[in-house]
Amino acid sequence: MKDTIILGIESSCDDTSAAILKGNQILSNFIAGQSVHEQYGGVVPELASRAHQENIVPVVSTALSHAGIELKDVDAIAFTQGPGLLGSLTIGTSFAKALALGTNKPLIPVHHMKAHILAHFIDDASENKPTFPFLCLTVSGGHTQIVRVESPMIMEVLGNTIDDAAGEAFDKAAKMLELPYPGGPLIDQYAQDGNPLSFQFSKPKIEGLDFSFSGLKTSFLYTIRDQVKIDPEFKQKHLNDLCASIQNSIVTILMSKLEKAVKETGIHCVAIAGGVSANSELRNRLLAKKAEGWMVSIPKFSYCTDNAAMIAMAGKLLFENGIIADQSVSPQARLPW
Ligand code: KG4
Ligand code: ZN
């Protein structure tokens, strides 16, 4: 039987991406980032939509040509329906709908956060594929969740953030340190040369499997403010230690809830997904859990942050389960789980 070929399109935030999946193998995964936001310290939705509009045609053409695939060979078109920025989602959705209509191909609506999880099933995603049921810590710029994954179609959110997302906590801390957006990867980088125990910040006391990062953010802000009063050069002098300490605090919060979830569910197969799963401290702390009998799945870097490969993979699994949208489908900024 011929392998299914899926074109995936991702435009939920500030990256325009298109990918071609054949079977479970990625043939191309092309991403156009948007440097226009750097000067504003965060994503400006209006500018993101405009950049998606400019990028979408060349990005999809490039993904097809890199894969050596012609549009006529594609079996279905998968796109991010939500959650995300409405203007950004609208560009990808409208493009996918028009393409599906023009080529008479099936259209598959994909949930961005579920796609982060399902990226694990791409052939080269990780050394150890998770086996069902598994727990997934899904950590991005907008979400922080522990998800119980029964199958590609059945997932249950066990815990959620009640305020900031983990990626947001990284990015806001980076902003306080005057680092450019997105600051998560830079904190990770500077933390390599810092002492994670240099500074202590307040710890959240949240029941169950929910997360909170706003208290930590305030505690970090006050530490910096108080120390800068004493030494105006404080931030520059202690950059590595501050990055290592805030990273340690964020990762400790994530790991303690994940440990609790493993204990409560008895599920020892654990995966991570989303942009923050690129964080080296989180990856190391998770790997260390193998010694306690956890089976750990860590996606390769290119499938952690936003990409269309994961949309194509999720699209394929939905397609196999008969999920197809008609032309009335619309983007949803807060697409329910
Ligand atoms: O999944 P993603 O690419 O986009 C959303 O769907 O939000 O996640 C982006 C987030 C940003 O907050 C970024 O700072 C964070 O992931 N991030 C990291 C690292 N790489 C990306 N945070 C910490 N350490 C990293 N290495
Ligand atoms: Zn994402």
At 0.890 mPa s and 25 °C, Stokes diffusion of the stretch 53-136 via Kirkwood alpha-carbon radius, µm² per second: 167 µm²/s
Name the residue farthest towards the positive end of the dipole of the chain from the options T4, P106, I253, assuming +1 on Cβ of Lys and Arg, -1 on Cβ of Asp and Glu, about the Cα centre. I253
Based on alpha-carbon centroids, what's the gap between the stretch 224-286 and the stretch 306-320 in Å, whole number please? 29 Å
Given a 1.4 angstrom probe, I'd like the percentage of the accessible area of the chain that is carbon and sulfur, rounded to a whole number. 52 percent
If you average over every viewing direction, what projected area does the convex hull of the Cα atoms of the chain give, in nm²? 17.1 nm²
What is the helix-to-structure angle for 239-265, meaning the angle in degrees between its Cα long axis and the longest Cα principal axis of the chain, kept from 0 to 90 and rounded to the nearest 10? 60 degrees
Hey, rough spin-label estimate for V57 and K2, points 7 angstrom out along Cα→Cβ, what's it come to in nanometres? 2.8 nm
For K300, give me every one of the lysines with a C-alpha distance below 21 angstrom, ignoring sequence neighbours fewer than eight places off in its own chain. K22, K114, K129, K289, K290, K316
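Give the average over all directions of the projected area of the C-alpha convex hull of the stretch 1-59, one decimal, in nm².
The Cα convex hull of the stretch 1-59, projected and averaged over all directions, gives 4.4 nm².
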Loop-resident GluC sites (Glu not before Pro) in the stretch 111-175 with no more than 10 other Cβ atoms inside 10 Å, DSSP not H/G/I/E/B, are E127
For the stretch 1-97, listing GluC sites (Glu not before Pro) in a DSSP loop whose Cβ sees at most 11 other Cβ atoms within 10 Å gives E70
What is the extension gain from E259 to K72, computed as 0.36 nm multiplied by their sequence separation minus the C-alpha to C-alpha distance, in nm to one decimal? 62.6 nm
Are there any chymotrypsin sites (Phe, Trp or Tyr not before Pro) in the stretch 290-333 that are in a DSSP loop and have at most 16 other Cβ atoms within 10 Å? List them by number. none
Would you calculate, for the chain, the mean residue ellipticity at 222 nm contributed by helices, counting each DSSP H stretch of 4 or more residues as -39,500 (n - 2.57) and dividing by all residues, to the nearest 500? -13000 deg cm²/dmol
Dipole in debye (nearest 20) - the stretch 182-248, about Cα centre, beta carbon charges: Lys, Arg +1; Asp, Glu -1: 200 debye
If you count, for each residue, the other Cβ atoms within 10 Å and average over each peptide, how do 16-23, 97-104 line up from highest to lowest? 16-23, 97-104
Please arrange M255, M155, M295 by accessible surface area, largest first, computed with a 1.4 Å probe and ligands excluded. M295, M155, M255
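The values are calculated or read from the model by the stated rules, or taken from the named source; none is laboratory data. Quantities reported herein were computed from a predicted structural model and do not represent experimental measurements. Positions of Cβ are backbone-derived with ideal geometry, glycine not excepted, and every protein chain shown enters the neighbour counts. Just so you know, the surface numbers come from the protein's heavy atoms only, side chains and all, with ligands and any DNA or RNA stripped out. Shrake-Rupley method; radii C 1.70, N 1.55, O 1.52, S 1.80 Å.
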